[in-house]
Amino acid sequence: MGSGALLAPRGRTARILLVSDLHHTLPQLDWVARAAPSSDLVVLAGDQLDICSTVSLDAQSVVVLRYLAQLQAAGRVAIGAGNHDLTGPDAHGEQAAPWLAEARAVGVPTDGDSLLIGDTLVTICPWWDGPIGRAVLEAQFAADALRRPKRWIWVYHRPPLGSPTCWTGRRDCGDAGLNAWMAEHKPESSSPATSTNRRPSARDRAPIASARPGSSTRPGGSARCRVAGRARPAV
């Protein structure tokens, strides 16, 4: 978790709080709610839900949406999906996070949306599950590239290949596709400099986007949870 500095419209430094991989951990969600009033923007960068929990994903999503309402009451908030947030197929049959549509309905920017803060454009990227989702994301990058202001930041759940945050100690779980998109579009930032797999700290600092080492599957694949020696799919 971390915070970053951007230029606010009124000429002062804006405080952005980034959180990721909360996995329906209520004490951490409570911490975010307490910290929100001191930030100009709170970003939840994926894996709000936990496929390994005994609580159903539908029930978890209701809880997270209630926290979003608290965060929205405190100021600006944005949320993007991670692999644990996929709860059902979209219109094309690819896995998605349809519950996030409820967030958009009440004015919270989410997957596929963009948010302009002063001279900074924040692009919120969904967790894509197949070729159609990937093509939609590429179109989103291309469209925002045409209107990018001085700064352009991506909210993308999985770090690029080679990032310290995607090293599990045994293998690199980064997204090589993200590396290619970064080379093409050259955003201001797209992945954190420090691991988020730990207790939140108000002193942390990182760009907007995050993932926990070892928790994410590759884009185009389904998240799985190992229970009693067997792996079960996310949905």
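The values are calculated or read from the model by the stated rules, or taken from the named source; none is laboratory data. Because the structure is predicted, anything quoted here is derived from the model rather than measured. Cβ atoms come from the backbone with ideal geometry, glycine included; neighbour counts cover every protein chain shown.
Being of a type in the set (D, E, K, R) and in contact (Cβ under 8 Å) with a residue 40 or more places away in the chain is the filter here, so list the residues in the stretch 151-183 that pass it.
Of everything in the stretch 151-183, those that are of a type in the set (D, E, K, R) and in contact (Cβ under 8 Å) with a residue 40 or more places away in the chain turn out to be ARG151, ARG158, ASP175.
Give me the pairs: first residue in the stretch 33-47 and without any contact (Cβ under 8 Å) to a residue 60 or more places away in the chain and within 16 Å of SER114 (Cα to Cα), second residue of a type outside the set (Val, Ile, Thr) and in a helix (DSSP H, G or I), beta-carbon distance under 7 Å, and six or more apart or on different chains, which are they?
VAL42/ALA36; VAL42/LEU71
Filter the stretch 37-75 for residues that are more than 18 Å from HIS157 (Cα to Cα), of a type in the set (S, T, N, Q), touching a helix residue (DSSP H, G or I) at 6+ places or on another chain (Cβ under 9 Å) and assigned to a loop (DSSP other than H, G, I, E, B) and give the result.
Answer for the stretch 37-75, where residues must be more than 18 Å from HIS157 (Cα to Cα), of a type in the set (S, T, N, Q), touching a helix residue (DSSP H, G or I) at 6+ places or on another chain (Cβ under 9 Å) and assigned to a loop (DSSP other than H, G, I, E, B): SER39, SER53.
Tally time: how many residues in the stretch 131-152 are modelled with pLDDT under 90 and buried (at least 17 other Cβ atoms within 10 Å of the Cβ)?
0
So which residues in the stretch 111-124 are surrounded by 21 or more Cβ atoms within 10 Å (Cβ to Cβ), out of contact with any Asp or Glu (no Cβ under 7 Å at 6 or more places or on another chain) and not hydroxyl-bearing (Ser, Thr, Tyr), if there are any at all?
Across the stretch 111-124, the qualifying residues are ASP111, VAL122.
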